[in-house]
Amino acid sequence: MAEAAEHSVEASDDPPERQRKRRWAKRLGWLLAIIALPFLLAAAFLSSPIGKRFVADQIAQVAPASGLRFEVGRIEGDIYAASVLQDVVVSDPNGAFLTIPEVTLDWRPLAWFWSGIDVREITARRGRLSRLPELLPGDPDAPLLPDFDIRVDALAIENLIIAEGIATEDAQRVDATGKVDIRSGRAFVELDGTLGDNDRIALLLDAEPDGDRFDLELDYVAPSGGVIAGLTGLDAGYDAKIIGDGTWSRWLGHALVTRYPPSIDEGGGQRVAAFQLTNDAGEYSLLGQITPILNDGGLVDRALGAALSVAITGTLEESVFDGRLAAVTSSLDARGNGAVDLAGNRFDGFDVVAVMRDPALLGGGVTVANGRFEGRLDGPFRDLTIPHRLTTSELAIGTLKVEGLAQSSTARFEDGVVTLPLTIGAARVLSGVELVDQQLVGGAVAGTLVYRDGKLTSDNARVNFPGLAADLAIRGDTAAGAYAIAGPLTAQGLDLEGIGRANGNAKLIAKFGTRIPWSLRANVAGVLTDVRNQSVATVAGDPLRFRGSFGMGGDQPIIMRDVELESATLTAKLDSQIRAGTTTLAGGGRHVDYGPFTVDAAFNLEGPRATLVFADPLPAAGLEDVRVALAPSGDGFALDVAGGSLLGPFEGALNLVLPANAPTRIDIERLSV
C-alpha cells in the first residue's frame with residue numbers, strides 16, 4: 001500500500017507534458033492493437049481446418065484471362081510455411097487436363113510484399129497429363145521479363161505421366177528438377193529433366209556481376225518421334241547446345257542448333273543455327289547465322305532466303321535491352337538501334353533501317369529497285385507509333401513502271417493492326433502508252449492502308465496526276481501473295497499531243513501476286529475534243545465520243561474490245577489487240593461521206609497492213625463493194641483495189657509513194673474496168 005501510494009505520488013509529481021505523452025503512447029498502442037487484431041484473427045483463421053478449406057475454395061475461384069483454373073482437394077500443414085496440397089486439378093475452358101495427387105509446398109507468402117516470390121520447395125508427384133490444354137489468349141501486356149525477385153530453391157516434377165496419344169503412341173514419363181534465384185544482383189536458373197526415353201534438357205545460367213561470375217550452358221535433345229516433337233507437332237528432331245567459358249568480365253561461348261530428319265534414310269543432321277556468344281562486363285553480343293527451312297515459296301521464305309545472318313550487341317539492365325542489331329539475307333538488310341523495355345513491353349525510340357536487296361522479293365511480276373525503309377518504333381508493343389520514310393527509285397508491275405516513289409507518314413500499330421496513312425509521291429508513271437505517259441508526271445496518292453491478320457485493305461486511296469484522278473480500293477493477302485486494286489478513274493482536259501484533248505472516265509481493276517500473273521482491266525468512256533490532226537478531224541469528226549473495254553496482263557496481249565466511236569461523221573465498233581509488237585484492228589461502221597465500211601488491219605515495225613471494204617463510198621459513180629488492200633512498199637504503200645462501178649467491175653494495183661523530199665504521188669501499175 002505504501003509503495004502504491006508512493007508510486008501514485010511520484011506519478012502525480014510528473015510534469016503535465018510527460019503525462020500527456022504517456023497517455024498518447026497508450027492510446028496509440030491500443031489503436032495499433034485494434035488495427036492488427038483483425039489481421040491476427042484472419043491469420044489464425046486461415047491456419048485452421050476451416051480456413052484451409054476457405055483458402056482452397058478461393059483458389060478454385062481464381063479465373064485468369066487464359067481460362068486456366070486450379071482446384072485443391074485438401075490442404076495439410078502450415079499454409080504460411082510447409083504444407084501439402086492434395087488432389088490438385090488443373091483445368092482449361094474445356095475441363096480438367098492435369099491431375100496431381102500430391103504437391104509439396106514450402107513457401108513464405110508474406111514475403112511477396114517486400115521481396116517477391118519466395119518458395120523453398122515445390123514438388124509435384126505422380127501427376128497425369130490427359131490432354132494438351134486449350135487456353136484463351138493471355139494478357140498481351142504481360143511483361144516478357146519479370147520486374148520482381150524470384151526465389152525457388154527446389155522445383156521438382158516426379159513421375160508425371162503424359163497419356164498415350166498426346167505426344168507418342170505410348171504413355172511417357174517426365175521427371176525434372178530445377179532452381180531459380182533472381183534477386184540481390186544475381187540471376188541463377190538451373191533445370192534438368194528427362195521426357196520419355198530419349199528427350200532431355202539441361203540448362204544452367206549463373207550471372208552475378210559483383211561476384212565476377214557468369215556461366216551459361218544448355219544441352220537440349222529432342223529426337224524425331226519423341227515427347228517434345230510430339231507435343232509441338234514437329235516431324236523432325238532437334239538438338240541444341242550452348243557451351244562457354246569465362247567470367248562476368250569476359251565470357252566466350254558458342255551455340256549450335258541441329259535438325260535431324262524423321263527418317264535416317266534422309267541423311268544426317270542439318271545445321272539450323274550457329275552463334276558465337278560473348279559477355280564483356282554486361283555488354284552482350286550474339287553473332288551467327290540461321291538456316292531457314294520453310295521451303296514454301298512464300299514471301300517470308302523468299303525474305304529469309306537460304307541463310308539469315310544475325311548480329312546483336314547491347315546491355316540488359318533492369319529488363320531493358322539497349323543496343324544494336326542487324327539481320328541480313330540475300331533479299332533484305334535490316335538494322336536496328338535503340339532501347340527495348342522487356343518488362344514494360346515497349347520500344348523507347350528504336351530506329352530501324354531496311355534495304356531491299358532483291359528487287360523481285362514481292363514476286364508476282366512486281367519488282368522494286370533500291371527499296372529503302374527508315375523508321376522509328378516508339379511506345380508499347382501493342383500501341384506503337386512508327387514515323388517512317390519509304391523510297392524506291394522504280395516500282396514495276398509487269399510493263400507498268402513508277403519512278404521516284406516516296407512514302408512518308410506516321411504509321412500506327414495497335415492490337416495487332418497496322419494503320420498506315422498514305423502520303424505517296426511519284427515522279428513519273430510509264431504505262432507504255434506514249435500519249436498517256438506524257439500526263440503521268442508529278443503524281444500523289446493519299447488515303448489510309450490497314451494491315452490486319454495478314455490482309456491489306458484500303459477503301460479511300462486517292463490518286464492524282466495533272467488531268468487524272470482515281471479513287472481506288474486496295475485488297476491484299478500477304479500469306480497467299482495476292483493483291484488487287486479497283487476503282488474509278490477520271491480524266492479532265494487530258495492533252496494528247498498531236499491529236500486533241502480528252503475527257504473521260506474508266507472503271508479499272510488490277511490484280512497481281514506471287515502465284516498469279518498480273519493483269520489490268522478497265523471499262524473506258526469519254527470524248528475527244530479540240531482535234532488538231534486534220535486527217536483525224538476529217539475522217540473521225542470533232543468531237544468524237546468513245547467507249548470500250550481495255551485489258552492487259554503479264555502473259556496476255558493488250559486487248560481493246562467493243563470499242564465504239566461516235567461523232568457527227570462516223571460511227572464504228574472495233575476490236576484491237578497488241579501482241580509481240582504487232583497491233584491488230586478489226587471491225588466496221590459507217591461514215592457520213594463513205595457509207596458503211598469494214599476494216600481488218602495489222603501494224604508492226606514494217607508498217608500497216610490493212611484491208612478496207614466500203615459498201616457504197618460514192619453512189620454518184622456507182623461505186624460499191626470497194627475493197628482496198630494496203631501493204632508497205634518502198635517509200636510508201638502498195639494498194640490493191642477492186643469493186644464495182646457504173647462502168648462495171650474494176651480491179652487494179654497502185655502505189656502510194658511518200659518520198660521524204662518530194663511531193664506525194666500515186667503510180668498506177670494496172671487498172672482494168
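Here the simple spin-label model places points 7 Å from the Cα toward Cβ, and for Asn604 and Leu287 these points are separated by 6.1 nm.
Taking a ≥ b ≥ c as the square roots of the eigenvalues of the Cα gyration tensor, segment 118-254 is classed as prolate, since a/c reaches at least 1.5 and a/b is larger than b/c. The slack between Thr457 and Asp348, meaning 0.36 nm per residue of separation minus the straight C-alpha distance, is 36.3 nm.
Rounded to a whole number, what % of the accessible area of the chain do carbon and sulfur atoms account for, probe 1.4 Å? Roughly 59 percent, rounded to a whole number. Whole-Hz Karplus values for segment 468-474 come out as 10, 8, 9, 10, 10, 10, 10 Hz, taken residue by residue from phi with 6.51 cos²θ - 1.76 cosθ + 1.60 and θ = phi - 60°; glycine and proline positions read x.
Ordered by solvent-accessible area of protein heavy atoms (1.4 Å probe), largest first, the residues Leu361, Leu656 come out as Leu656, Leu361.
Computed with a 1.4 Å probe over protein heavy atoms only, the accessible surface of segment 312-416 comes to 48 Å² per residue. Quick one: compute the contact order of segment 378-457, relative version, from alpha carbon pairs under 8 angstrom and 6+ residues apart, as a percent. So the answer I get is 25 percent. Heavy-atom accessible area, probed at 1.4 angstrom with all protein chains present, ranks Thr329, Thr410 as Thr410, Thr329, highest first. Residues Tyr284, Tyr260, sorted by accessible area with the largest first, give Tyr260, Tyr284 [1.4 Å probe; ligands and nucleic acids excluded].
For segment 384-439 and segment 247-263, what is the centre-to-centre distance using only Cα atoms, to the nearest Å? Answer, in whole Å: 42. Per-residue extension of 0.36 nm, minus the Cα-Cα distance of His254 and Asp175, leaves a gain of 25.7 nm for this segment. Extension gain, Leu430-Asp530: 0.36 nm per intervening residue step, less the Cα-Cα distance, totals 33.5 nm. Taking the helices alone, the chain has a mean residue ellipticity at 222 nm of -3500 deg cm²/dmol, built from -39,500 (n - 2.57) per DSSP H run of at least 4 residues and averaged over all its residues.
Taking all protein chains together and rolling a 1.4 Å probe, Lys179 ends up with roughly 70 Å² accessible.
In percent, how large is the relative contact order of segment 137-250, given Cα pairs closer than 8 Å and 6 or more residues apart? Don't skip to the answer; put the middle values down first.
On the way: 247 pairs, mean separation 20.6, N = 114.
Contact order relative to length: 18 percent.
Under 25 °C and 0.890 mPa s, how fast does the chain diffuse according to Stokes-Einstein, given a Kirkwood radius computed over C-alpha pairs? Answer in µm²/s, whole number. So the translational diffusion coefficient is about 72 µm²/s.
Shown for the chain: lysine pairs separated by 8 or more places, or found on different chains, whose C-alpha atoms are under 29 Å apart, numbering 9. Thr104 contributes an accessible area of around 30 Å² to the protein surface, as traced by a 1.4 Å probe with all chains present. Solvent exposure of segment 166-207, expressed per residue, is 55 Å² of accessible area, with all protein chains present and a 1.4 angstrom probe. Using heavy atoms of the protein chains and a probe of 1.4 Å, the accessible area assigned to Phe597 is about 40 Å².
The values are calculated or read from the model by the stated rules, or taken from the named source; none is laboratory data. Only a predicted model underlies this, so the values are computations on that prediction, with no experimental measurement involved. Neighbour counts run over all protein chains shown; Cβ positions are idealised from the backbone, glycine included. Side chains are part of the model used for accessible areas, which takes the heavy atoms of the whole protein and leaves out ligands, DNA and RNA. Shrake-Rupley method; radii C 1.70, N 1.55, O 1.52, S 1.80 Å.
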